[in-house]
Each structure stands twice: as structure tokens, then as C-alpha cells.
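Just so you know, all these numbers are worked out from the coordinates, no wet-lab data involved. Every value quoted in this text rests on a predicted model; they were computed, and no experiment measured them. Positions of Cβ are backbone-derived with ideal geometry, glycine not excepted, and every protein chain shown enters the neighbour counts.
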Amino acid sequence: MPAVIECCDLRKSYDGGVEAVCGLNLKIEAGECFGLLGPNGAGKTTTIEILEGLLEPSSGDVTILGHSWNKHRRELREKIGISLQETRLSEKLTVRETLRLFASFYCEPRHPDDVLEALELNEKADALVGTLSGGQKQRLAVATALVASPRVLFLDEPTTGLDPQSRRQLWETIREFQRAGGTVLLTTHYMDEAERLCHRLAIIDHGQVIAQGTPGALIADLGGHHVVEFALADRSGNEPALWRALPGVDSVRSDDGKTSLAVREPHKTIPALLDVVEKRSAQLEHLTTRQASLEDVFVRLTGRHLRED
Amino acid sequence: MTVAQPSSPASKKRPLARSALRNGRWAGFRHLLGARLLELAREREVIFWVFGFPPLLALGLGFAFRNKPADRTTIALVSTPYTSHVLSLIDQARERSAIRTERVDRARAADGLRLGKYDLVVEPLADDRVQYNYDPSRPESVLSHSEVDDALQTAAGRKPVLETSVHLSSEPGSRYIDFLIPGLIGMNLMNSGMWGIGFALVDMRQRKLLKRFVATPMRRGDFLMALASSRLILMVIEVGLLLGFGVFIFHMRVLGSFASILLIGAVGAVAFGGLGLLAASRAQKIESVSGLINVVMMPMWIFSGVFFSYERFPALIQPFIKLLPLTALNDALRATILEGSALAGQSGRLLVMFLWGGIAFALALRWFRWT
Ligand SMILES: Nc1ncnc2c1ncn2[C@@H]1O[C@H](COP(=O)(O)OP(=O)(O)OP(=O)(O)O)[C@@H](O)[C@H]1O
Ligand SMILES: [Mg+2]
């Protein structure tokens, strides 16, 4: 099956000489939900806007549904739905008027009222956009993408600023779209979102893909599925080599006095760890274990946290 | 383009509660125009500045210039021992109703003259000698001087050497308000054209709404046409409102046909719409387009004869003034409304406006940025 979204050696440098995207390759299949994950300024928006045909790449090829933007712009526009990272829709139109306006641009759109229902905006259908809350505006932005009745959905940070409930609800809408055969490309800062929503994802930093795969595979690549985190009361006795030698430890990271061990079998590692602590008559200040997350993958790959919050 | 998959996924899933939509060629244009008009109708400030303010301005200026008879002058008579004699001379004069006299001391008279309260200071120095004091650069002072001098001389016994007669005219058509209304129409079309197009576009660009629109199959031409159409609709209302105001409140006589007035208005709206589009073609920020629009409009506010005739400017720059689009619009409107001149006679002025609009439009399309 041909890829729905494909790009090859994509590069983009802005006027100021900023290399926002440097050599990006992506291949997204039909029916997939693909996530671009990365910190601020990683080049997510630049990438997605090039794929959407809104930005000209400095070099590289883009094909969407087997066509290029240059030759089949109009046809492609009919088949994709877009929500930009930041759009302020007209404040003096109501929610329904806004959706009708967007629907009118497409040959065969979805009925605006259906989309209102899907995003639970019907209560606000006759409210002016200017009176909506931030989260409601965000949902309306996604609604303007869905009203296109698209085959491919591009969402740039669709859930930023939403409360947990609205986020979950939006995830459900996206899943529903994609269960019906639609393809989704979204960007996000949120690990849990990427883990739960995306089949595959690419972690982007400095305009390059630094890791790509299913969330499970990325976490497995980390070496362990669990993370043991601890801190010693006396910070001086912290020697990575010592911890590395413990049974079942795949990697060690120290960060702000805390040590994180990526481990395969915590039930073997933890007793050994406690033994070492006891022998050195050191004292534990803190000890937790958790499932490894994408955050750990990211920190491991870049040495930085994805979101500093 | 051949697409294998039969129907879009989103509509497959849900049992369709409502029948699927099919849009025709003009659906986008219709909705864009409708949305634009709704937005305008819901902007109270816009309604006031476009529709409320110009009639108010006409009302204010119209009454200001109507209630003060142009030929009435106020003079200060400095108190001296000879003042009563001069006063009695003025009282005998035929023009006495046109001269308002205030008896004040010399200092007050000088102050009043400086502040524009008095047009002229008259200081009696003897029973047969008076001294006039005024600023020759103030036209009303010059007028007052000749009028008062005339009155005093005649009352003191001077005989006219030439027989003259006077015919006074204040017919509708030659009053200030008649001059003003077409000027206000022109100015209003310029303001709302430049702001309504230029400002609206940059605002949409700044809000990323233009980018959002071009991310849909929306036809860009339809978008611009909808914007232009909304301007033309507003133009009809603006022109009708101000003209109606002149006719009903000030009993203005409109000699030209409404159709030709609207046609001229439409050409004017096109010219200023084009300039607005050009001003908005690149600007990313509201502030920069505001500055640009003001720079473009400023010379026309001054030179194009909105409130006063541009005939007062030096002859040397008159040809340039006549090449400004607002001058052409104002002149064409005045000729049609006040003199009922035929549209054919306005072709030069229409051409001037058309060229401004056309060239601006062509450049704007080359430079315009949607993102
Ligand atoms: N119009 C522009 N002109 C110059 N540089 C730009 C422009 N847009 C983005 N950049 C730069 O390109 C880089 C990538 O920006 P981009 O918006 O793609 O990041 P992002 O991953 O979407 O970030 P965020 O998570 O904050 O949205 C940044 O360094 C940014 O400063
Ligand atoms: Mg971004």
C-alpha cells in the first residue's frame, strides 16, 4: 500500500538562516495515527506546514495521497483537514456560522451540525466565537478540520490548553476518525497523548528525527521497561559505575541528585540496590519505581526533558 | 487525479443523521460575503464610524456654518471720550444690523482681537478721526474693516460716486453644506475603503486566518471578490445615507441621477479598495498597515478638497492635486450632484480613479502574502 504522507530529505531554512528542518524522512500509511513529538522549537510546526502545502520547503519532496502539492493542489485541499497551531477565528461569527463557512469551501463536506455534535459543541452552536473559552475555541479549530470530511487530518498541537476531560474527548474523536479509515498526523508535547493515541511516532529535535517507531518499541529500545528512581541523603557517594553493575540494569542517568536506572527486572534490581546502600551505610532519601515512558526515551536521547513543568 | 478509496472515512462511520452536503461553485463566495456582512453588522464601532459619524459631522459643520450669517462681524470699540459719537454713526448706518459692537477698554480689545473674538478693533481718536486695528492675514478682519469703514464714512456724510445694486443669493446648491456633503461622501468612501480592506486583511493575516483559509480549497479570487462586494454594498448605504441626510435635513438639491452617483461611488470604492489591498499586501502587523494607510490618506485629507476648495492652493501644484484619486472622486461627485453634469463629462476623473485602483490592484496581486 502506498504511503498517504511521504517526505524525503525535507529541509527548510528561514530567512534569518535558522535551519528549522534538516533532512527529515517520514512515511505514514493509510489509517495510521502518527505523532510528531518534540520540544519547543524542534521544527514540528515547520514540518507539518510543509506537509500541508502551506510552506515551501527549501529542498526535498513531499507526496500526499500519491500526489505532489505543485500539481494537484486543489484536489489535495479537498481531501485534507487542517488545524493550525494558532488561529484566531472571527470573533463576531457564531460557532455554527463559522463551521458553515468552512464547510462551504468543500465540494462534499460533512454536515456542520454533525461535526458540532461530534465535538460536543452543540450547546455553544449559537454563541459568538469571541465568547468561547480557550478549550472550546480549540475544539472549534478541530471541528473546522473535520467538517472537510477529510481523508487525512493534520493537527498541530490539538490538545494544548485543554482540560483533561476535553483532551480525552478529543482523543476519542480522533480515534473515531481514524477507526473509520482516516489518517492522522499530529504534533504534541504530551508524552501520554503520544503513547495513547499514536500508532507510531517520530521524536524530533533540532529539525531531525532522532527516533521513530511505535511507542512500545521506542520504550523497549531504551533497554528496560521499568525505571527505578532513587536519591541518597549523602549526594557525594553517587557513582554511576556502581549502579550500572547491579543486576538487570541497562542504563543509568543522574539528574539533579536523583539517579534513574532503566531496568528489565525490578524485583532483582531493587534488593541488590538496597544491599549496596546498606553496605555503604548510606541512607535512601527517596525510592520509586515506575513504567518507563516516552519522557525517559526523550531524556535518554537528548539529555533534556521534553517539557520543563 | 484518480483516487481509489470510494468515500471519505468520516462520513462512513456515523450513520448520517443529515443528508450529505454538496456545494456548488459559488457556495464559498456566498458564505464569505454573508460572513463578512454579519461580522460588520455586529461591530458596533464600525457601524458608528462608517454610518454614524459622517452624518454627525455634516450636521455639526452644516449648522455651524448656517447659524452664523457669514456677513455679520463683531468689532471692539475702544472706550475713549469720542466713543459715543462713533457709536451713533454706526447706529445711523444702513449696515448696522451686520455689525455687532462691544464697548471695551483697550487691553480687552487687544486680547479679544488676538483670540479671534473680535474681527476688528476701532479706536476713536477724535470726533473725526478713528484708528483701525486688525490682522490683514485674516480674511474676516479685512472684510470687517472695509464694511465698518464704509458704514462710518457713509454715516459721516460721504456720497456714493457710483450707482450700484446688489442681488443676494442663498439658493440650495451654492451653500457650504452643498459643497460639504459630496466631500464627506468622498472622504467616507476613502476611509472605509482603505480601512475596510487594508485593515481587515492584515488583521486576518495576523490572526493566521488567511493561512487557515488557504489551507482549504477556498478560491482566493472568491475571497477577494467577497471582500470587494461587501465594500460595494456598504458603499451604496454610505452614499445613500449621506445624500438622504443632505436632502432631508438641509434641503439639498440633487441634480444628477442616483445611478450615476452610485457608479462614481463604485469606481471610487474600487480605487480605494485597490489601494487598501496594496497597503495590506505585505504588512504582518496591524500597526504597520495603520501607519501606511495614514501616510497614503494624509495628503488627500489636506489637498483633495473635502472641507474646503483646493483652489486655494498654489496653481503650480493644482495639476498634481487633480491626479489624486480623492480629488477626482470629490470633483466628480460635486459635478454630478450639484451641477447634474453628465457621466460622459466625468470620464477623465473616472479614468484617474480607475488607474489608481487598477495599478494598485495589479501590484497588490503580485505582492500579496496569504501567510
Ligand atoms: N517564520 C519564521 N522565521 C524564522 N524562523 C522561524 C520561523 N518560524 C519558525 N522559526 C524557527 O524555526 C524553528 C522551528 O520552529 P517551529 O515552529 O517549527 O517549532 P515547533 O516544534 O513547532 O515548536 P513549538 O512546540 O513551540 O510549537 C524555531 O527555532 C523557530 O524559531
Ligand atoms: Mg509548533
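What's the local net charge at residue B:284, with K and R +1, D and E -1, over the other residues with C-beta under 9 Å away?
So the surrounding residues net to +4.
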ask   = Can you give me the pair-distance distribution of the protein assembly as shown, C-alpha pairs, 10 Å bins, whole percents?
value = 3, 12, 16, 15, 13, 11, 9, 7, 6, 5, 2, 1, 0, 0
message = Checking the a/c ratio against 1.5 first, then a/b against b/c, what shape does the Cα gyration tensor give for segment A:5-214?
response = prolate
message = As an exercise, use a Förster radius of 30 Å and the Cβ-Cβ distance of residue B:257 and residue B:355 to find the FRET efficiency, rounded to the nearest 0.05.
response = 0.75
Length released on extending from residue B:84 to residue B:47, taking residue separation times 0.36 nm less the Cα-Cα span = 7.6 nm
ask   = So if R0 is 45 Å, what FRET efficiency would residue A:8 and residue A:265 give, r being the distance between their Cβ atoms, rounded to the nearest 0.05?
value = 0.60
ask   = Out of the DSSP beta bridges found with both residues in segment A:51-201, what percent are antiparallel (nearest 5)?
value = 20
remark   = Per the C-alpha gyration tensor (a ≥ b ≥ c, the square roots of its eigenvalues), segment B:188-316 is rounded if a/c is under 1.5, else prolate if a/b beats b/c, else oblate; here it's oblate
key: Simple spin-label estimate for residue A:254 and residue A:192 in nanometres, 7 Å along Cα-Cβ   = 3.1
query = In degrees from 0 to 90, rounded to the nearest 10, what is the angle of the helix B:139-155 Cα long axis to the longest principal axis of chain B?
reply = 30
inquiry  = Suppose only helical runs count, i.e. DSSP H with n ≥ 4. What mean residue ellipticity at 222 nm does that imply for chain A under -39500 (n - 2.57) per run, divided by all residues and rounded to the nearest 500 deg cm²/dmol?
reply    = -10000 deg cm²/dmol
note = Summing -39500 (n - 2.57) over every DSSP H run of at least 4 in chain B, dividing by its residue total and rounding to the nearest 500, the 222 nm mean residue ellipticity is -19000 deg cm²/dmol
task = Compute the whole-percent fraction of alpha carbon pairs in chain B spaced more than 34 Å apart.
result = 49
